[in-house]
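The structure appears right after this line, and notes come after that.
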Amino acid sequence: MKWGYVVQLQWPKSCTFIGNSYPNGVDVPCETILAQAAALADALQRSDNVPNGRVALWLTNGQDQVAAMLGCWLAGLAFCILPSYAGRTGTERSQDRIKQVLSVLQPRYIIQRPSSQLGDELTAGIESVDLPSFDTASIDTGMAKARLTARASADLAFVQFTSGSTGGDARGAEVTFGQLQSNLDALVKRTAMSDQDRMVSWAPLYHDMGLMAVLLSLRCGADLVLIETDHFVRRPAAWLEAITTQKGTVTTAPPTALRLLARRRATAVDLKSLRYAWIGGETVFPGVLRAFEEAYVTAGLASGVLQPTYGMAETVVGIACGNPGVAWTETDGVVSCGPVLDGLDVQITDDAGHSVAQGKEGSVMVRGASVISGYLGQPRRAAGDWFDTGDLGVLRDGNLYVTGRRKDVLKRGAESYPAALVEAIAEGALGLRTGRVAAFTNLRADFGKEEIILLVESPTWTDQDARKVASAVMQELGLQIDLIRSVEGGRLPRTSSGKLMRQLTAAQYRDGQL
Amino acid sequence: MMDQDKNTTWTAQDVVAVMRALASEADLPSRLVTGDISEADTMETLGIDSLGQVYLVERLEQLTGVLMPDEFLDVNDSLTVIATSLNELVRSKK
């Protein structure tokens, strides 16, 4: 159905893709990507598609991902870029994790390359479609653009899997075109992004920050330089080198990347072109920002470029971020994430759900045009309801400060892991009953990182037990645990019904009681 | 942090020393500051994830003065294999 809504996209003048196989970058005309998308849309539409149907994308190449995203939209479908753990299927539990995602998503199609496919046992019943070969001369990209404008505000644009605000099972955040447009517009306005900008990003596209880097560029016609995440992991300096050679003006990264590159300063980089760096995805520590600025001031990094931000998939991506050129500030060791974006309201509430006074800490609640209505397959939230972010924060002088987290989610390098899943793996490795392990994070401003802690109630404890747990969590999730140690039996706090109280455990740990 | 002479031959124990230094700086699991590490251990058995591996590679590059190729450090390489690979790389760059 045509509702007359216009998805306002503007095509970048250039797209450059950088990866392990092409470290110097490959320039791809945007018309080529659009042609590839149109060819895919034709293939999907020939397959008797269902309007608003969902398509799983399991692709690693940046050009493939962008073309497939657009191809789904052209075909009247919504996409979901599968999280990286879809490729981690070495154990039964990790297989179950991706099976759960696919069970919630119920994709009609999966788009993947023959060279890298999910196992048949995972994709049984889902039609697999390859990105078709295409001939740019035969594709009417004008028609493709017209098709994009026919998508309705209430149509599903994409699904993004998240650990949710309270942890536990994977949840698919449903983002409509209307919500997407609202958040993109607010971000464009706040960051003053335009077709004069050049975005450089290595953040994975299954993560809200990575996806938004691409969509922001397409929204305002900014040039796009997309670095494969694996290329950054193998060579972090490649990110700053790309900003240097491509004269990037806007970028996005988690603080982990800044911490890494502040300690090992990349040489021969010139960051004078950079005017806005969206820093988020995990807790931003002032010491990390300061160290990076000090390391690169001689490379031309200006004050007011690094912008601590706050957001989540449930609000599409952004909730708050700073104004361009305005230097970040801190109060009591917590950085300001800037003013709340247009179209969103934030309030801070106490445990009873009442709004607290300015400057008081409480739960961060958000509502507005870009807040999702719900998770796939779960009840809808009423329009105008407050969404509980699961984070703690303070509003002061119109700026949002995020001070902690209530939700049971562990973060490392902007990736989220449900605490309950990590605990279950540890209990399995040690043969313990449920509820004998507590996993939580501890903010370490001195190290500029969130430390992941595992406390184990075990009658006996040796270094070999810690090894078993560390190895099992690594094998199942690819996650490093910073500290694993035992506590006396019965020391982990529980409710009267015996349920582990993680947040109280974390508080007692911080206070030195555990 | 250990002071590895760029011309010396690397052993698995040298790699262990680097890992212990990184653990004391909170880049690798704290268990590795003093816990058991054998020469047969791998990144997986020691619970070192891709981010931890980035820290390790960066530190090894710093100590050897050699840029490690993309294929260096597989998650299942033992510390002995890592030391051998390091020596080959250092020799090839001389």
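The values are calculated or read from the model by the stated rules, or taken from the named source; none is laboratory data. What you see is a predicted model, and the numbers here were worked out from it, not measured in a lab. Quick reminder, even Gly has a Cβ in these numbers, built from the backbone with ideal geometry, and neighbours come from all protein chains shown.
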List pairs: first residue in the range B:17-32 and touching a residue at least 24 places away in the same chain (Cβ under 8 Å), second residue in a loop (DSSP other than H, G, I, E, B) anywhere in the structure, Cβ distance under 7 angstrom, at least six positions apart or on different chains. B:Val18/B:Met2; B:Met19/B:Leu28; B:Met19/B:Ile37; B:Ala21/B:Met1; B:Ala21/B:Met2; B:Leu22/B:Leu28; B:Leu28/B:Ile48
Taking the range A:429-457 as the region of interest, how many residues are away from chain B (no Cβ under 12 Å), of a type outside the set (A, V, I, L, M, F, W, C) and buried (at least 17 other Cβ atoms within 10 Å of the Cβ)? 3
Within the range A:242-256, restricting attention to residues that are touching a helix residue (DSSP H, G or I) at 6+ places or on another chain (Cβ under 9 Å) and without any contact (Cβ under 8 Å) to a residue 60 or more places away in the chain, which residue is farthest from the other protein chains (Cβ to nearest Cβ)? A:Thr249
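Please go through the range A:480-514 and give me each residue that is facing another protein chain (nearest Cβ under 7 Å) and either surrounded by fewer than 22 Cβ atoms within 10 Å (Cβ to Cβ) or not hydrophobic (A, V, I, L, M, F, W, C) (or both), ordered by number. Can you show your working first?
Within the range A:480-514, the subset facing another protein chain (nearest Cβ under 7 Å) is A:480-484.
Those that are facing another protein chain (nearest Cβ under 7 Å) and either surrounded by fewer than 22 Cβ atoms within 10 Å (Cβ to Cβ) or not hydrophobic (A, V, I, L, M, F, W, C) (or both): A:Gln480, A:Asp482, A:Leu483.
Please verify whether A:Leu430 is at pLDDT 90 or above and within 21 Å of A:Lys407 (Cβ to Cβ), treating the condition exactly as stated.
No; evaluated as a whole, the condition is false for this residue.
Does B:Val54 fit the bill of being touching a helix residue (DSSP H, G or I) at 6+ places or on another chain (Cβ under 7 Å) and within 8 Å of chain A (Cβ to nearest Cβ)? I'd like the intermediate steps shown before the answer.
Details: touching a helix residue (DSSP H, G or I) at 6+ places or on another chain (Cβ under 7 Å): yes; within 8 Å of chain A (Cβ to nearest Cβ): yes.
So B:Val54 passes the test.
Looking at this structure, is A:Ala266 in a loop (DSSP other than H, G, I, E, B) and within 13 Å of another protein chain (Cβ to nearest Cβ)? Break it down stepwise before answering.
Working: in a loop (DSSP other than H, G, I, E, B): yes; within 13 Å of another protein chain (Cβ to nearest Cβ): yes.
Answer is yes for this residue.
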If a residue must be crowded, with 19+ Cβ neighbours inside 10 Å, of a type in the set (Gly, Ala, Ser) and facing another protein chain (nearest Cβ under 7 Å), how many such residues does the range B:13-49 contain? 1
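Just for the range A:230-241: of the residues that are closer than 17 Å to A:His207 by Cα and free of Cβ contacts under 8 Å to residues at least 60 places away in the same chain, which one is farthest from the other protein chains (Cβ to nearest Cβ)? Write out each step before concluding.
First, the residues of the range A:230-241 that are closer than 17 Å to A:His207 by Cα: A:230-233.
Retained after the next criterion (residues that are free of Cβ contacts under 8 Å to residues at least 60 places away in the same chain): A:232-233.
Working: A:Phe232: 9, A:Val233: 6 Å.
Taking the candidates together, the pick is A:Phe232.
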Answer from B:Val16, B:Val75 - the residue that is in contact with a Ser or Thr (Cβ under 8 Å, 6 or more places away or on another chain) and closer than 28 Å to A:Arg88 by Cα: B:Val75
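Before we move on, is A:Ser471 within 12 Å of chain B (Cβ to nearest Cβ), hydroxyl-bearing (Ser, Thr, Tyr) and in contact (Cβ under 8 Å) with a residue 24 or more places away in the chain? Break it down stepwise before answering.
Numbers: within 12 Å of chain B (Cβ to nearest Cβ): yes; hydroxyl-bearing (Ser, Thr, Tyr): yes; in contact (Cβ under 8 Å) with a residue 24 or more places away in the chain: yes.
Taking the combined requirement at face value, the residue satisfies it.
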